[in-house]
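Chemist: Structure incoming, see below.
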Amino acid sequence: MIDKLNLLPWREERRKQHKQRFIGLMASAVLVAFLANYGVVQYLDLQQQQQQARNNQFQQEIDLLEKRLAFLPKLEEQRKAIQLRLNVIADIQQSRNRATQLLNQLPNVVPGGVYLESLNLNSQRVGIKGVGDSNGHLAALLGGAEQSKWFINVDMHSLVTTKGSQSEQLSQFNASFDLTVPSFAQPKVNKVAKKDINKGK
């Protein structure tokens, strides 16, 4: 009876099963590899898109900064123009009352016995000509001008002794000095202008 047994169909069936299993495993492996590859591609594509979005945002920020930097020279020009205007306003504010300040201060330094014949104000330089009935009075004039906080660089250019209409002895003089403004008398506009200029720097 053993001679009549045929194992070939059984072996053939087992061979088919192994083959089908192998094909299934291969198909599963190919599918898994395809899905893994697809997932990796999708992940890399997503990362690339995110990086591109970051790059675009960085480029926008860079463009904005470049526009701001390009505007800085214009701001510097405007600042210089404003500073120049403030300087002009400060100078005008300081110098517009020079004649009044000069006439207010002269009586304090010109003593009795000294008579002014002419007065010339050229920018900050003041020239005076006159006569004095004694050298002592002229010395008092120079001393008072040098001690005044409104006058600096006091110079006596000439001193000539002459006789008056009644044969009295007179001293004819020519002097000059610079008119300045003490710190306590400077206008507030000038101080504000200086503060703005310092802030601009």
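The values are calculated or read from the model by the stated rules, or taken from the named source; none is laboratory data. Source: prediction; values computed, not measured. As a convention, Cβ positions derive from the backbone with ideal geometry for all residues, glycine included, and neighbour counts pool all protein chains shown.
Chemist: Just one of D133, D63, D45 is of a type in the set (D, E), more than 30 Å from V181 (Cα to Cα) and touching a residue at least 24 places away in the same chain (Cβ under 8 Å); which is it?
Modeler: So the residue among D133, D63, D45 that is of a type in the set (D, E), more than 30 Å from V181 (Cα to Cα) and touching a residue at least 24 places away in the same chain (Cβ under 8 Å) is D133.
Chemist: Can you go through V88, V109, V126 and tell me which one is among the β-branched types (V, I, T) and in contact with a Leu (Cβ under 6 Å, 6 or more places away or on another chain)?
Modeler: V126
Chemist: Of the residues Y115, Y38, which is in contact with a Gly (Cβ under 7 Å, 6 or more places away or on another chain) and modelled with pLDDT of 85 or more?
Modeler: Y115
Chemist: Are any of the residues in the stretch 180-196 touching a strand residue (DSSP E or B) at 6+ places or on another chain (Cβ under 9 Å) and at pLDDT below 80?
Modeler: The answer is no, given that none of the residues of the stretch 180-196 is touching a strand residue (DSSP E or B) at 6+ places or on another chain (Cβ under 9 Å) and at pLDDT below 80.
Chemist: Got a number for residues in the stretch 58-113 being surrounded by 13 or more Cβ atoms within 10 Å (Cβ to Cβ) and not in a helix (DSSP H, G or I)?
Modeler: 4
Chemist: Please give the number of the condition Q124 fails out of (1) out of contact with any Lys or Arg (no Cβ under 9 Å at 6 or more places or on another chain); (2) within 19 Å of F177 (Cβ to Cβ); (3) assigned by the TED database to the domain that holds Q172.
Modeler: Among (1) out of contact with any Lys or Arg (no Cβ under 9 Å at 6 or more places or on another chain); (2) within 19 Å of F177 (Cβ to Cβ); (3) assigned by the TED database to the domain that holds Q172, Q124 violates only (1).
Chemist: Continuing with the same structure: Could you go through the stretch 129-139 and let me know if any residue there is closer than 30 Å to E76 by Cα and either at pLDDT 80 or above or in a strand (DSSP E or B) (or both).
Modeler: Checked the stretch 129-139: no residue is closer than 30 Å to E76 by Cα and either at pLDDT 80 or above or in a strand (DSSP E or B) (or both).
Chemist: Quick test for you: out of A139, A145, pick the one residue that is surrounded by 15 or more Cβ atoms within 10 Å (Cβ to Cβ) and either without any contact (Cβ under 8 Å) to a residue 40 or more places away in the chain or not hydrophobic (A, V, I, L, M, F, W, C) (or both).
Modeler: Result: A145 is the single residue among A139, A145 that is surrounded by 15 or more Cβ atoms within 10 Å (Cβ to Cβ) and either without any contact (Cβ under 8 Å) to a residue 40 or more places away in the chain or not hydrophobic (A, V, I, L, M, F, W, C) (or both).
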